[in-house]
Amino acid sequence: MSEPVTTMESLVSLDYERPLTLATRQYLAAIRDGRLIGHRCPSCERIYTPPKGYCPICTVTTSEADEIELASTGTLVAFSILNPDSLHQGEASVVRGNVKLDGIDVTLTGELTDVTPDEAHVGIRLRAVFADPSALEGALAEWGGAGISGWERSGEPDVPAEELERFETGGVI
Amino acid sequence: MRDVAVVAFAQSPLVRRQTDFAEPGMIMPVVNDVYEQSGLQRSEIDFVVSGSADYLAGQSFAFIQGLDGIGAWPPISESHVEMDGAWALYEAWMMLQIGHADTALVYGFGTSSSGNLREVLTTQLDPYYLAPTGIDCVATAALQARALLDRTDHTELDMAEVAARSRRSAMDNPHAQVKGEATATELLDEPYWVDPLRRHDCPPITDGAAAVVLVAGDRAKDACERPGWIRGIEHRVEPHYLGTRDLTVSPSTEACGETLGSNDGIEVAELSATFTHQELILRAALGLGDDTDVNPSGGPLAANPLMATGLIRVGEAFDRIRNDGKRRVLAHATSGHCLQQNLVCVLEGD
């Protein structure tokens with residue numbers, strides 16, 4: 001007698017191709033030149049990077065006219081250590097961190113290239129490592145830090161935790 | 001029942017592929033537009049509800065990203081349906097009926113161009129019997145059209161006439177994607193695409209967004225000179241499995257129409273007939289006569305931004321009241337394969 005059928009495989013594969021938005025194309029073009037840009041909302045002056053092409057708080061669009069160049073340096077404000085037994089990880093443990101950019105209330109998330117898990121702590125000064133322009137084609141543009149391949153130590157002294165700036169916006173963005 | 005009216009409507013450019021903006025960039029201008037039309041500030045809107053499908057965007061929680069387009073800070077009272085915006089409008093209408101809100105913003109949006117739409121819509125089918133066969137929405141529509149042609153007096157010429165009329169009507173619609181003056185006979189010279197459907201029997205693939213504002217009571221007259229009062233709105237669903245349905249009729253639409261009096265004095269009907277033969281089925285189900293102007297906008301055959309198509313039908317019907325002085329109009333929305341689920345809304349002007 002054959003075995004009763006209790007389950008069946010349901011294989012679904014869907015491919016999507018999403019266009020890079022105008023703001024993302026501007027962002028990636030700047031990254032190719034080794035520059036980090038953002039858009040400043042003409043209404044509330046909040047700064048967005050990568051730029052969205054609009055301010056979701058004020059519901060106004062932003063364009064090249066609202067573009068500003070940002071420092072590609074910042075301070076580690078949070079981190080997590082990804083170990084090889086986690087999903088989609090490589091051979092060694094790596095540190096991923098939230099880097100608060102200098103001068104604005106935005107963090108970018110990325111891998112720390114020269115900070116070992118033992119060394120990781122809040123307050124490390126970092127600078128962006130820009131991706132090889134040839135690796136930018138088809139980058140996952142809307143996913144935060146596309147175009148920045150990681151963050152390396154800037155060599156400046158740490159910022160003590162108690163001196164870390166607090167977000168003026170209260171983390172609204 | 002409270003008197004609830006549509007007081008504003010806007011739609012984005014309806015295009016084959018939106019390249020410069022993601023969904024929030026489509027939504028923001030139409031939402032700002034309906035606020036301006038109605039004279040209402042964002043802070044005066046009691047309830048917000050949207051309709052969209054993450055499968056179209058290819059991103060989980062894409063509908064949350066859509067909130068970027070409407071301004072959700074300070075916090076708002078918000079809801080979402082994974083359906084056409086017409087069903088979002090139904091939810092908003094209920095919130096106004098039960099008195100939880102006096103004003104509502106409704107929007108629907110979708111980027112059908114992001115994936116292979118025919119494959120994406122196959123995932124609407126049941127996972128055991130139909131989806132594994134890979135049958136797509138054009139093929140299921142073709143089955144429905146074949147059943148209609150073989151079991152009724154309708155012909156392929158009737159279907160081509162629906163397409164020719166829609167394209168002609170669309171010439172006056174700046175938002176329309178497919179328009180033209182070809183006659184039905186000329187269209188019939190084209191080869192079959194998915195037999196018995198030709199290209200003209202099928203809707204275009206469209207990216208777009210639309211928004212509507214609802215207001216309850218006398219405030220509606222402050223927001224709009226000629227509001228479109230919702231005199232009835234109803235939606236019904238039929239079995240999921242196509243084999244259990246008679247595809248040549250639409251009993252769910254018929255039942256909605258009977259409740260709302262769809263055969264009585266409807267001057268304009270905007271129908272979500274996404275395939276030509278579905279207009280023939282829907283006209284019969286709703287009891288619409290020759291004196292009803294069907295899809296003066298060109299309908300979904302002119303532009304079919306999924307998840308906004310049905311809401312646009314409501315908006316276009318409202319515009320016939322607001323702009324053209326019509327008194328009694330009807331809007332229809334559909335969801336699923338072969339008219340599985342249907343919503344009918346009757347609007348009246350003062």
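Mind checking the dipole of the protein assembly as shown: about its Cα centre, +1 per Lys or Arg Cβ, -1 per Asp or Glu Cβ, Debye to the nearest 20?
Working: 39 positive and 78 negative charges, 136 e Å.
Taking the Cα centre of the protein assembly as shown as origin, the dipole is about 660 debye.
Segment A:9-106: which GluC sites (Glu not before Pro) are DSSP loop and have at most 16 other beta-carbon atoms within 10 angstrom?
Hits after loop and neighbour filter: A:GLU9, A:GLU17, A:GLU45, A:GLU91.
Amide H neighbours of A:LEU70 under 5 Å, counting only residues 5+ apart in sequence or on other chains, H built in-plane at 1.01 Å?
Sorted by chain and number, the residues that satisfy this are A:LEU36, A:ILE37, A:GLY38.
For the protein assembly as shown, what does the helix formula give at 222 nm: sum of -39500 (n - 2.57) over DSSP H segments with n ≥ 4, over the residue count, nearest 500 deg cm²/dmol?
For the protein assembly as shown, the value works out to -7500 deg cm²/dmol.
Using every pair of alpha-carbon atoms in segment A:22-162, split the distances into 10 Å bins beginning at 0 and state the percent of pairs per bin, rounded to integers.
Distribution as computed: 12, 39, 33, 14, 1 percent.
I want to make sure I understand the PRE zone here: with the label point 7 angstrom from the Cα of B:ARG2 toward its beta carbon, which residues in segment B:37-77 have backbone N atoms less than 19 Å away?
Correct set: B:38-50, B:76-77.
Compute the Rg/Rh shape ratio of the protein assembly as shown: radius of gyration over Kirkwood radius, all on alpha-carbon atoms.
On the Cα set of the protein assembly as shown, Rg over Rh gives 1.04.
Principal axis lengths of segment B:108-250 from Cα atoms, whole Å, largest first?
52, 42, 35
Report the paramagnetic label zone for B:HIS240: residues of segment B:309-350 whose backbone N is under 20 Å from a point 7 Å from Cα along the Cα-to-Cβ axis.
B:334-343
What order do you get for B:ILE230, A:ILE104, B:ILE312 when you list them from fewest to most C-beta neighbours inside 10 Å? Before the final figure, lay out the partial values.
Working: B:ILE230 25, A:ILE104 19, B:ILE312 34.
Neighbour counts put them in this order, fewest first: A:ILE104, B:ILE230, B:ILE312.
Where a Cα-Cα gap under 20 Å defines reach, which lysines qualify for A:LYS100, not counting those fewer than 8 residues away within the same chain?
A:LYS52
Taking H as built 1.01 Å from N, whose amide H comes closer than 5 Å to the amide H of A:ASN98, not counting residues under 5 places away?
A:VAL77, A:ALA78, A:PHE79
Can you check what the net charge comes to around B:ARG17, using other residues whose Cβ is under 12 Å from the Cβ of B:ARG17 (Lys, Arg +1; Asp, Glu -1)? Walk me through the numbers on the way to the answer.
Numbers: positive: A:ARG18, B:ARG16; negative: A:GLU17, B:ASP20, B:ASP207.
Once positives and negatives cancel, what remains is -1.
What lysines sit close enough to B:LYS221 to cross-link, taking a C-alpha to C-alpha distance under 22 Å and skipping anything fewer than 8 places away on the same chain?
By straight Cα distance, B:LYS221 reaches B:LYS326.
State, to one decimal in nm, how far the label point of A:ASP85 lies from the label point of B:ASP33, with both points 7 Å from Cα in the Cβ direction.
That separation, rounded to one decimal, is 5.6 nm.
Taking segment B:91-156 as the region of interest, what is the percent of Cα-Cα pairs per 5 angstrom bin, listed from the shortest bin to the one with the maximum distance?
So the P(r) values, bin by bin, are 3, 14, 13, 11, 11, 12, 13, 13, 8, 3.
Taking a quarter of the surface of the convex hull around the Cα atoms of chain B, what do you get in nm²?
For chain B, averaging the hull's shadow over all directions gives 16.4 nm².
Can you work out the Karplus-derived ³J(HN,Hα) for every residue in segment A:53-64? Use 6.51 cos²θ - 1.76 cosθ + 1.60 with θ = phi - 60°, whole Hz, and x for glycine or proline.
x, 6, 10, x, 7, 8, 6, 10, 7, 10, 9, 4
Mind listing the long-range amide H neighbours of B:VAL48? Cut-off is under 5 Å, sequence gap 5 or more, other chains count too, H placed in the peptide plane at 1.01 Å from N.
Hits under the 5 Å cutoff: B:SER77, B:GLU78, B:SER79, B:LEU105.
Every read-out reported here was derived from the displayed coordinates using simple, explicitly stated rules and does not represent laboratory data. As the structure is a computational prediction, the values presented were derived from the model and not from experiment. In this analysis, Cβ positions are derived from the backbone assuming ideal geometry, glycine residues included, and neighbour counts consider all displayed protein chains.
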